[in-house]
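Written out below as structure tokens is the structure these notes cover.
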């Protein structure tokens, strides 16, 4: 399997030929008068309605197939092949758009902005994986999301990480989700799309910085399996929540676990919970005291987050282009000697009065004050819950996939010697 | 141990990526302050080629705004500009000046030393002593006269406004309209995106026109048929860069061409068949943004370049005979 991964990886990298990356635009074309009529510049046409629904259908089919392969067939090879199809279709053919991860922003903006309506197909891209995850676990991550496949292809030497490190890095997606929702709700920016590491590769078109971003992420992905999925993906947070309550989640063993420990080290995502039969390794009283303390601290952490968020609202609002423009105008002295910043020139030529801009900015900053407080409270809550989860040691007798973080990739299944048919007999 | 090092490396790398994202989001890239539409010419202006000419002391006309230059058959240098003409010798001494109302946009000298001066929308003939002989206006309205060239009985007038070259006799009578778009005669017409449209006459009496939008110098016969052309678009020294170049040219006694460009300000010599021979002046020799580098051929291989920004006639001497 690994050898195939290596070959596939180099095939893809070879395809991304250097000229495409390094190409620069030719010297501006001259205005010839050869009878050729230069067509009007057009924005890319939206995808035809029918094709958008085809995408939804493909999403449904791939999710269904992925779920079947994981839960019924328990086929890692099947999951792998399906994930390659998803990479080709949702990644290179659909060029990473629309994607469920980015759809968070569309849905948020539709909820908070009266002037924006989320297309039904985008809404389905957001909801269908969540519904599937609520029913069957994160099969979307296993074989449908092209980001996951891409990172899986480079995961040559995954290194196990400790629980605390996983928990610490695992808080980043919550921050990212919170910021993405805040900026989408205030119609500021779609940061998930702005920092989409792989869309440039799918489209073979991105700035050097974004190619470098993707490249470095893939380099880190050689050792940290699926770094984006585990420690950045904001949609992964929602999937994690859904998967915790999933109706039928995959299991490592098809029947009773024989405690052979063969699966102990196979999960590159540290998503297998080990048996915990010693009910209280740290001393029951001590653990209970810690939990009580943290439970009492939790509201304080939330309040602290609310306060900190409120204090940071002007910094967060600075990401908004209108706020940034207003600050630029206030900070830039009018000087004939220095060329004006293009944004300011564009604003002055728009005819909008500066006072009108300032009023608009004041409203945006007010929205950010509310949003930043909620965001801060959310971060405080996540921090507190993460600490609580690290301290508590639930009783387990078997090796179980962690329902929240398991990607249902079926890698561990290949290592399980228990046969379903045999045990059934 | 090795695994730990790898893990630390990978985590630091990952955290660096996350830190970059946050920094980029909140502080904004310094690139934001740069004009994304800025037409950066800095790199294109650089060249490693050493010029085959050296600059000597420039000549300073009395006129405060100069636009055009020509050398007469008597070896004198004629400089025209806002409100008059200065006649200089090779050392830069002003031999004669005369004034007129208006703004000369181009100038040439006939074999009998009569000055043909383009005045934007009309043409004037002047005696070198400062007496006006005649004046006429092209029939077409919206004329922008950018260049004139003359032999004994022919005066060619380049009109950038109407993208045409008129041929007059010395009395101002229209003889021919050259280069007008005519698909039946396979004449594609001139492409002149900016008011730089130069004409010249070779020692053999052939008319050459700078079709700047096509980056070519084109040769026309007496009935206005296109005979030949050379030139290509390129930012390299061999070609012409920008939207429309060469902005000016002059023809040396051996039939080779000297061209000047705007955008990337540079002056070069080409063989009579259009092969690049030598660099006269590199872009660094001029102030950035200099336009209208009119040219004239001086004695002893000198190349005279009118620098309107510095209000000088720049003189370049060949380091050796090509």
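Against the condition under 21 Å from residue B:11 (Cβ atoms), crowded, with 24+ Cβ neighbours inside 10 Å and within 16 Å of the chain's Cα centre (by Cα), how does residue A:214 come out, does it pass? It is false that residue A:214 is under 21 Å from residue B:11 (Cβ atoms), crowded, with 24+ Cβ neighbours inside 10 Å and within 16 Å of the chain's Cα centre (by Cα).
Checked against (1) within 30 Å of residue A:377 (Cβ to Cβ); (2) buried (at least 22 other Cβ atoms within 10 Å of the Cβ); (3) more than 18 Å from the chain's Cα centre (by Cα), residue A:223 passes all but a single condition, namely (1).
Please tell me if residue A:217 is closer than 16 Å to residue A:96 by Cβ and at the interface with chain B (Cβ under 10 Å from one of its Cβ atoms). Even if it seems obvious, please write down each step before you answer.
Numbers: closer than 16 Å to residue A:96 by Cβ: yes; at the interface with chain B (Cβ under 10 Å from one of its Cβ atoms): yes.
Yes: the conditions hold for residue A:217.
Against the condition surrounded by 13 or more Cβ atoms within 10 Å (Cβ to Cβ), more than 30 Å from residue A:343 (Cα to Cα), modelled with pLDDT under 95 and within 11 Å of chain A (Cβ to nearest Cβ), how does residue B:13 come out, does it pass? If you could, list the steps in order and put the result at the bottom.
Values: surrounded by 13 or more Cβ atoms within 10 Å (Cβ to Cβ): yes; more than 30 Å from residue A:343 (Cα to Cα): yes; modelled with pLDDT under 95: yes; within 11 Å of chain A (Cβ to nearest Cβ): yes.
It is true that residue B:13 is surrounded by 13 or more Cβ atoms within 10 Å (Cβ to Cβ), more than 30 Å from residue A:343 (Cα to Cα), modelled with pLDDT under 95 and within 11 Å of chain A (Cβ to nearest Cβ).
Filter segment B:171-186 for residues that are touching a strand residue (DSSP E or B) at 6+ places or on another chain (Cβ under 8 Å) and farther than 16 Å from residue B:159 by Cβ; which is modelled with the lowest pLDDT? Looking at residues that are touching a strand residue (DSSP E or B) at 6+ places or on another chain (Cβ under 8 Å) and farther than 16 Å from residue B:159 by Cβ, I get B:186.
Answer yes or no as to whether residue B:261 is over 18 Å from residue B:69 (Cα atoms) and in the same structural domain as residue B:118 (by TED's automatic domain parsing).
Values: over 18 Å from residue B:69 (Cα atoms): no; in the same structural domain as residue B:118 (by TED's automatic domain parsing): yes.
When the stated conditions are applied, residue B:261 does not pass them.
Just the residues that are surrounded by fewer than 18 Cβ atoms within 10 Å (Cβ to Cβ) and touching a strand residue (DSSP E or B) at 6+ places or on another chain (Cβ under 8 Å), please, taken from segment B:253-273. Hits for segment B:253-273 are B:253, B:271, B:272, B:273. Reported count of residues in segment A:182-207, each being within 11 Å of chain B (Cβ to nearest Cβ) and modelled with pLDDT under 90, is 1.
Taking the options B:189, B:242, B:224, name whichever one is modelled with pLDDT under 90, assigned to a loop (DSSP other than H, G, I, E, B) and buried (at least 23 other Cβ atoms within 10 Å of the Cβ). Walk me through how you get there before you give the answer.
Numbers: B:189 fails: buried (at least 23 other Cβ atoms within 10 Å of the Cβ); B:224 fails: buried (at least 23 other Cβ atoms within 10 Å of the Cβ).
Only one candidate passes the filter, namely B:242.
In the set A:408, A:349, only one residue is modelled with pLDDT of 90 or more and either at positive phi or part of a helix (DSSP H, G or I) (or both); that residue is A:408.
Determine, yes or no, whether residue B:170 is in contact (Cβ under 8 Å) with a residue 60 or more places away in the chain, more than 14 Å from chain A (Cβ to nearest Cβ) and buried (at least 18 other Cβ atoms within 10 Å of the Cβ).
Working: in contact (Cβ under 8 Å) with a residue 60 or more places away in the chain: yes; more than 14 Å from chain A (Cβ to nearest Cβ): yes; buried (at least 18 other Cβ atoms within 10 Å of the Cβ): yes.
Judged against the criteria, residue B:170 is a match.
The condition of being touching a helix residue (DSSP H, G or I) at 6+ places or on another chain (Cβ under 8 Å) and more than 20 Å from residue B:141 (Cβ to Cβ) holds for only one of B:200, B:231, B:205, that being B:231.
Check B:134, B:147, B:143 and return the single one that is in the same structural domain as residue B:177 (by TED's automatic domain parsing) and surrounded by fewer than 14 Cβ atoms within 10 Å (Cβ to Cβ). Working first, answer last.
Values: B:147 fails: surrounded by fewer than 14 Cβ atoms within 10 Å (Cβ to Cβ); B:143 fails: surrounded by fewer than 14 Cβ atoms within 10 Å (Cβ to Cβ).
Testing whether each residue is in the same structural domain as residue B:177 (by TED's automatic domain parsing) and surrounded by fewer than 14 Cβ atoms within 10 Å (Cβ to Cβ) leaves just B:134.
Among what's in segment B:192-206 and is under 20 Å from residue B:244 (Cα atoms) and in a strand (DSSP E or B), pick the residue that is nearest to the other protein chains (Cβ to nearest Cβ). Here the residue is B:199. Within segment A:296-344, the residues that satisfy the criterion of being at pLDDT below 85 and not in a helix (DSSP H, G or I) are A:332, A:333, A:334, A:335, A:336, A:337, A:338, A:339, A:340, A:341.
The values are calculated or read from the model by the stated rules, or taken from the named source; none is laboratory data. Worth saying up front: this structure is predicted, and the values here are computed from it rather than measured. Cβ atoms come from the backbone with ideal geometry, glycine included; neighbour counts cover every protein chain shown.
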